[in-house]
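Only one structure is covered here, and it is reproduced in the block below.
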Amino acid sequence: MANLITMTDIIKSYKMGSTELVVLKKISLEIKKGEFVAILGPSGSGKTTLMNLIGCIDTCNDGIYNLNGTNIEKKSDNELAEIRNQEIGFIFQKFNLLSKYTALHNVAFPLLIRGVPKKDAYEKAEEILKKVGLGDRVHHKPIELSGGQQQRVSVARALVGDPNLLLADEPTGALDSKTGEEIMNLFHKLNIEGNTIIMITHDNEIAKQAGRIIRIVDGEIVV
């Protein structure tokens, strides 16, 4: 299976006054298409920074990042925004849904940004909401949904644009254990269907449910 992600000697640092804080120290990793990978690390390990680089939310100071055949590190902000919209589906711990809109509009939103006609976007959004078990909740607003249902809307929103990568940031962190288990079962189903999933987590038990674990400590990948 071909690599979806190849990172080579990635360095990320931030200026802190007169000093420089190095957060990622020559990170190298490969993730193949169709994998389900957990990036596991404690608070302050650099996993969130790594997630932001993988998700094209931020860029590295040095090194090479290749996402689905495209070199990312020298892309403009507009180019990165387009890559995020086309290539990556984001799933957040706190769902990040638009509170005044229905589940249907929340899921359709990435397609509307692309310029997809509203009718077509809504049809695709409804199809994906049915796929994640929310066919009877399409016209409900986030406040009318449980935490697990809101996370399913978030998953549907991530899926609607047919991205090459699902990037999940602590996807069960705001959920009780039973609901978290339901979301993990959904991830397994999506992975079996061929979706590439990268899950960021500090929870060892959650990480064990992925096909492979990448551990990061103090800005370095450890075996």
Rg (Å, one decimal) plus Dmax (Å, integer) for the alpha carbons of region 159-223?
12.5, 35
Among 140, 105, 202, which one moves the most in a GNM of the chain with springs linking Cα atoms closer than 10 Å?
140
Students often get this wrong, so try it: which of (i) 57, 43, 31; (ii) 52, 37, 36; (iii) 51, 41, 38 is Cα extents along the principal axes in Å as calculated from the structure shown?
(iii)
Based on the alpha carbons, how large is the Rg to Rh ratio for region 17-80 when Rh follows Kirkwood?
0.97
Once amide H atoms are placed 1.01 Å from N in the peptide plane, what residues at a sequence separation of 5 or more from residue 200, or on another chain, have their amide H within under 5 Å of its amide H?
39, 168, 169, 170
Taking Lys and Arg as +1 and Asp and Glu as -1, residues besides residue 104 with C-beta under 15 Å from its C-beta add up to +4
In square angstrom, rounded to the nearest 10, how much accessible surface does residue 87 have for a 1.4 Å probe?
40 Å²
The size of the Cβ-based charge dipole (Lys, Arg +1; Asp, Glu -1) of the chain about the Cα centre, to the nearest 20 debye, is 300 debye
In terms of Cα to Cα distance under 15 Å, which aspartates and glutamates are near enough to residue 131, apart from those fewer than 8 places away along the same chain?
123, 162, 182, 193
Once both labels are modelled 7 Å past Cα along the beta-carbon direction, what's the residue 192-residue 14 spacing in nm?
4.0 nm
For each pair in 26/94; 33/208; 94/130; 75/100; 47/130; 12/100, compute the distance between the two Cα atoms and list the pairs where it is over 26 Å.
26/94; 75/100; 47/130; 12/100
Note down the net charge around residue 125, summing +1 for each Lys or Arg and -1 for each Asp or Glu among other residues with Cβ under 14 Å from its Cβ.
+4
In the Gaussian network model of the chain, springs joining C-alpha atoms below 10 Å, which of 153, 116, 107 carries the largest mean-square fluctuation?
116
Any idea what log10 I(q)/I(0) is at q = 0.11, 0.12, 0.15, 0.18 Å⁻¹ for region 87-165, Debye with uniform C-alpha scatterers and no solvent?
-0.22, -0.26, -0.42, -0.61
Where 203, 176 fall by accessible area, highest first, once all protein chains stay in place (1.4 Å):
176, 203
Which value results when the Cα radius of gyration for region 1-125 is divided by 2.2 N^0.38 Å?
1.23
How much accessible surface area, in Å² rounded to 10, belongs to the heavy atoms of residue 157 with a 1.4 Å probe?
40 Å²
Could you work out how much longer the chain between residue 136 and residue 205 gets when fully extended? Use 0.36 nm per residue separation minus the Cα distance between them, nm to one decimal.
21.7 nm
Comparing 61, 164, 195, which has the greatest mean-square fluctuation in the GNM of the chain with Cα pairs linked when under 10 Å apart?
61
Add +1 for every Lys or Arg and -1 for every Asp or Glu among the other residues with Cβ under 10 Å from the Cβ of residue 95, and state the total.
+3
Pop the C-beta distance of residue 73 and residue 101 into the FRET formula with R0 = 35 Å and round what comes out to the nearest 0.05.
0.50
Place a +1 charge on the Cβ of each Lys and Arg in region 160-211 and a -1 charge on the Cβ of each Asp and Glu, then give the dipole magnitude about the Cα centre in debye, rounded to the nearest 20.
140 debye
Report, in deg cm²/dmol and to the nearest 500, the calculated mean residue ellipticity at 222 nm for the chain, where each DSSP H run with n ≥ 4 adds -39500 (n - 2.57) and the sum is divided by the residue count.
-10500 deg cm²/dmol
At most 13 other Cβ atoms within 10 Å and a DSSP loop assignment: could you name the GluC sites (Glu not before Pro) in region 131-223 that fit?
193
Within 10 Å of each candidate Cβ there may be at most 11 other Cβ atoms; applying that plus a DSSP loop requirement, which trypsin sites (Lys or Arg not before Pro) in region 50-99 survive?
74
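The values are calculated or read from the model by the stated rules, or taken from the named source; none is laboratory data. Small disclaimer: the values here were computed from a predicted structure and weren't measured. When we count neighbours, we look across all protein chains shown, and the Cβ atoms used for this are built from the backbone with ideal geometry, even at glycine. All accessible areas refer to the heavy atoms of the entire protein, side chains included, with ligands and DNA or RNA removed. Shrake-Rupley method; radii C 1.70, N 1.55, O 1.52, S 1.80 Å.
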